[in-house]
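Presented below is the structure to which this report refers.
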Amino acid sequence: MPGSVETRHVETLHVETLHVETPRVKTLLAAMTLEEKIGQLTMASGEMVGGRLGVTPSVAEAIAAGHVGSLLNLWGPLSVREVQRLALERSRLKIPLFFSFDVLHGHRTVFPIPLGEAAAFSPDLWERTARAAAREAARDGISLSYAPMLDLARDPRWGRMAEGPGEDPWVGSRFAEAKVRGFQGDDLATAGGVAATAKHMGAYGAVTAGRDYASIDISERSLRELHLPAFKAAVDAGVAAVMAAFPDIAGVPATGNARLLRDILRGEWGFDGIVVSDYGAVAELVAHGVAADIAEAAALALKAGVDIDMTSKAYPLGLPVALARGLVSMDEIDAAVSRVLRFKERLGLFEDPYRGLADGAGTVAPVEPPLDRDLAREAARRSIVLLTNDGVLPLAREAGRIALIGPFAAAASEMLGPWTGAGHAAESITIADGLSAALPEAAISVVAGVSIDGPDGAGIAKAVETARLADAVVLCLGEAADMSGEAASRARVDLPGCQRELAEAVLALGKPVVAVLFSGRPLILPWLVARAAAVVAAWFPGHEAGHAVADVLTGAFNPVGRLPLSWPYDVGQIPIFYAERPTGRPVDAANRYTSKYLDVPTTPQFPFGHGLSYTRFTLGEPRPTSPVMKRGDQIFVEVEVTNEGQVAGEETLFLFIHDVVASIARPVLELKDVAKISLLPGASGTARLALTGEALTFPGLDLAPAFEAGDIALFVGVSADRAHLRRTTIRLIDP
Ligand code: BGC
């Protein structure tokens, strides 16, 4: 109850208030009332008003009064202009608003979902799609994107796995850097740059049992070693904003977690941007059971380092009370306000409050530029992973009659996945469209057979009849776009509805069947993998889905996608990941008392890094450029790669390490670099993978970075399948 509050939450945690006071910020702070200050810390949401995105009369009033500093979910030249004008023309201090939105995998043009894009293992591509998205979002008045999502995810039950880069901290870190560079460019104030948000700090992917918003309880070691590196990489790359996660870590909600947001983020890493709460999360501190009312919630979040309250109203309603109760100081409020104002300065909003917006006049909607279809197609086809292939793919060019079956065969709205930005589903190329364009001579019959999730199998007979008459059968299966993303946890990570019944009926014909899977997570389908002639993971490919899938199925594009996660064989294996620690009793089929299951294998259906090509590569032995290294050194590991097949292709090489003896048991494999090499048929080349001494440090016994002398096993190969890795050893020596 409020009376007992003061002693409970608010002991000051060596809060350095971090005023970032440029002359403008200083002048404004001196002129602002308490309400105007809190206004800068208050984010409101746009909504449909009179058929167009805008703000409700009460939000408009609040903006005019200077009680709102930023908007979420409001974009478009006309809407942004109209609302910005309220702040500039009607508010006392005329401080411009900033507009924010979830530009997660594209804005107008929708690229593959981030998990799919991660499969491209291409920082260059990751950067270019972010850049393109930023350009489109900036034209629509957006200055802050709620991306990249950097939550390491090892539990496919958690639907938000779709939004991030998968299971590996090294990949997550490279993804973070590329996305921050792509969104922000060199200077945030220049047109086309959009501030990025590293979200959701931290360890959101570790929610208990994969259930969204559930509690997290992990060690400080795994927090630092697995979940935080991508955030640190984003900060080092200059990310302008960080969003706190919804859940608690061991009882301390991230939104009120001073250790995380102040000590680590600002203190250890020197982050000087803004921290935004997640949607409604400040007020939710009450439901978490760590604040008795919104005044306590507001105080807890502000003191923990949350600068902006996204829509929960806890700051505008609770902070004045918290101040009166002595739960927060004016200095703490000023520090947050100065960071927000500084952020607006960094965006160049004071010079140009309509920054980036398309069209100067602001009365007619400007003409939209066309979608960036070339980049969308490139990104989508690079994200597609060929999981199995007995030779049925690529489809023969003269493939006469093709049966294109399943609820995803012509499903424009399902191709975009979760978080579609300002993209329109109607602009998606369906698989049917794409395949027809790629194979104009083929007779393609499209039959859904069943709906994605419905109980009705009545259409299966027609699908089977169509398949019976066809020369090639392509089954398009998966989970609906809204079955992954936020609030989309699934306990059964398989095909919903009657899709299995449909697939089994088609497979029973005994014809070679190509299965194309659409999903925001790995789908556990061992029966399909065993019986289909080829299985393709297409994720949610975005606007160019149909063309990209057709490019891969026909061989017009030789697949390069590799799994950014371990694809489970059974739901009971979850969480599953390659970087497990050694056990005292490694799995041994002949010995019961070893680490395994009685009923399913310990290995995944497909390992991290897995992905086939239409050509075949062989690798030579890995050659380190030096057999010893010190902490400050960098060496390379070179490996000869030969394309033994008939077509040009690109191979992806992974460099893993294992620290053989250390003070902390180190994972059996840790990824340290990835290289790609493109080779013509019959050609050989040398791939170079880099290893720095710094990358060999790990949180030691006291959690400080440790660099320990001794042997490091190096492994090079095409996936984390240990049976097929080439090994060599180097020696670390003390600096
Ligand atoms: C999500 C965030 C998102 C925010 C704003 C929340 O529900 O967790 O990822 O950025 O909404 O849309």
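The values are calculated or read from the model by the stated rules, or taken from the named source; none is laboratory data. As the structure is a prediction and not an experimental result, all values here were calculated from the model. Here the Cβ is made from the backbone with ideal geometry for all residues, glycine too, and neighbour counts use every protein chain on show. SASA here: full protein model, heavy atoms, side chains in, ligands and nucleic acids out. Shrake-Rupley method; radii C 1.70, N 1.55, O 1.52, S 1.80 Å.
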- prompt: HN-Hα J couplings of region 465-479 from phi, Karplus 6.51/-1.76/1.60, θ = phi - 60°, integer Hz, Gly and Pro as x?
  reply: 4, 5, 5, 4, 8, 8, 8, 9, 10, 10, 9, 10, 10, x, 10
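With an 8 Å cut-off on Cα pairs and a minimum separation of 6 or more residues, tell me the relative contact order of the chain in percent. Walk me through the numbers before you get to the answer.
Details: 1884 pairs, mean separation 92.6, N = 735.
For the chain, the relative contact order is 13 percent.
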- prompt: How much FRET efficiency would the formula 1/(1 + (r/R0)^6) give for Asp272 and Thr642, where r is the Cβ-Cβ distance and R0 is 51 Å, rounded to 0.05?
  reply: 0.55
query: Hey, how many Å between the Cα centroid of region 74-98 and the Cα centroid of region 256-277?
result: 29
message: Can you give me the orientation-averaged projected area of the convex hull built on the Cα atoms of region 595-706, in nm²?
response: 9.4
query: If you count, for each residue, the other Cβ atoms within 10 Å and average over each peptide, how do 461-473, 376-388 line up from highest to lowest?
result: 376-388, 461-473
query: Could you give the angle, 0 to 90 degrees to the nearest 10, between helix 545-554's Cα long axis and the longest principal axis of the Cα atoms of the chain?
result: 20
For Val516, residues with placed amide H under 5 Å, excluding near neighbours: Leu475, Cys476, Leu477, Val536
- prompt: For Glu351 and Arg401, FRET efficiency with R0 = 60 Å and r from the beta-carbon atoms, rounded to 0.05?
  reply: 0.45
message: Can you compute 3J(HN,Hα) from phi for each residue in region 108-124, using the Karplus curve 6.51 cos²θ - 1.76 cosθ + 1.60 with θ = phi - 60°, rounded to whole Hz and x for Gly and Pro?
response: 7, 7, 9, 8, x, 4, x, 4, x, 4, 4, 5, 6, 6, 9, x, 5
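Roughly what percent of Cα-Cα pairs across region 482-551 reach past 14 Å? Write down the numbers at each step before the final one.
Numbers: 1548 of 2415 pairs.
Everything past 14 Å amounts to 64 percent.
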- request: Give me the distance between the Cα centres of region 417-461 and region 627-698, rounded to whole Å.
  value: 39
query: About its Cα centre, what dipole magnitude does the chain give when the only charges are +1 on Lys and Arg Cβ and -1 on Asp and Glu Cβ, stated in debye to the nearest 20?
result: 400
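When the accessible area of the chain is computed with all protein chains present and a 1.4 Å probe, what percentage of it is carbon and sulfur?
Details: 13960 of 26220 Å².
Answer for the chain is 53 percent, counting heavy atoms of protein chains only.
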Estimated [θ] at 222 nm from DSSP helical runs (n ≥ 4, -39500 (n - 2.57)) normalised by residues in the chain, nearest 500: -7000 deg cm²/dmol
- request: Please determine, in degrees from 0 to 90 and to the nearest 10, the orientation of helix 169-184 with respect to the longest principal axis defined by the Cα atoms of the chain, where the helix direction is its Cα long axis.
  value: 60
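Taking 0.36 nm per residue of sequence separation and subtracting the Cα-Cα distance, how much length would be gained by fully extending the chain between Ala695 and Val660, in nm to one decimal?
11.1 nm
With viscosity set to 0.890 mPa s and temperature to 25 °C, compute the Stokes-Einstein D of the chain, Rh being the Kirkwood radius across alpha carbon pairs; µm²/s, no decimals. Don't skip to the end; give the middle numbers.
Values: Rh = 26.9 Å.
The calculation lands on 91 µm²/s.
Please go through region 481-559 and write out the trypsin sites (Lys or Arg not before Pro) that DSSP classes as loop and that have at most 12 other C-beta atoms within 10 Å.
Values: sites: Arg490, Arg492, Arg500, Arg531; in loops: Arg490, Arg492.
Passing both the DSSP loop test and the Cβ count: Arg492.
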field: Dipole magnitude (debye, nearest 20) for region 321-423, charges at Cβ of Lys, Arg, Asp, Glu
entry: 260
statement: For Ser489, the residues 5 or more places away or on another chain with a placed amide H closer than 5 Å to its own amide H are Gly159, Asp212
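Looking at the square roots a ≥ b ≥ c of the eigenvalues of the Cα gyration tensor of region 511-622, which shape do they give, rounded for a/c under 1.5, prolate if a/b is larger than b/c, or oblate?
On the way: a/c = 2.20, a/b = 1.77, b/c = 1.24.
Taking the square roots of the gyration eigenvalues as a ≥ b ≥ c, region 511-622 is prolate.
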- line: Note on the chain, DSSP bridge orientation, antiparallel percent to nearest 5 equals 55
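Could you work out how much longer the chain between Leu703 and Ala425 gets when fully extended? Use 0.36 nm per residue separation minus the Cα distance between them, nm to one decimal. Let's see the in-between values first.
Values: separation 278, 0.36 × 278 = 100.08 nm, distance 4.74 nm.
Between Leu703 and Ala425, full extension yields an extra 95.3 nm.
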query: Which pairs, out of Lys199/Lys344; Lys303/Lys672; Lys26/Lys179; Lys596/Lys630; Lys344/Lys676, put more than 30 Å between their alpha-carbon atoms?
result: Lys303/Lys672; Lys26/Lys179; Lys596/Lys630; Lys344/Lys676
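Only sites in a loop by DSSP and with at most 15 other Cβ atoms within 10 Å count here; which trypsin sites (Lys or Arg not before Pro) in region 550-602 make the cut? Walk me through the numbers on the way to the answer.
Values: sites: Arg562, Arg592, Lys596; in loops: Arg562, Arg592, Lys596.
In loop regions of region 550-602 (DSSP not H, G, I, E or B), the sparsely surrounded trypsin sites (Lys or Arg not before Pro) are Arg592.
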- line: Surrounding charge for Ala665, neighbours by C-beta under 14 angstrom, Lys/Arg +1, Asp/Glu -1, total -1
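Report the gain in length on full extension from Val49 to Arg623: 0.36 nm times residue separation, minus Cα-Cα distance, nm rounded to one decimal.
Working: separation 574, 0.36 × 574 = 206.64 nm, distance 6.39 nm.
Roughly 200.3 nm would be gained on extension.
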- prompt: In terms of modelled amide H atoms, which long-range or inter-chain residues lie less than 5 Å from the amide H of Thr430?
  reply: Gly546
query: Each residue of region 33-43 in turn: what ³J(HN,Hα) in whole Hz from Karplus with 6.51, -1.76, 1.60 and θ = phi - 60°, glycine and Pro shown as x?
result: 7, 4, 4, 5, 4, 5, x, 5, 9, 10, 10
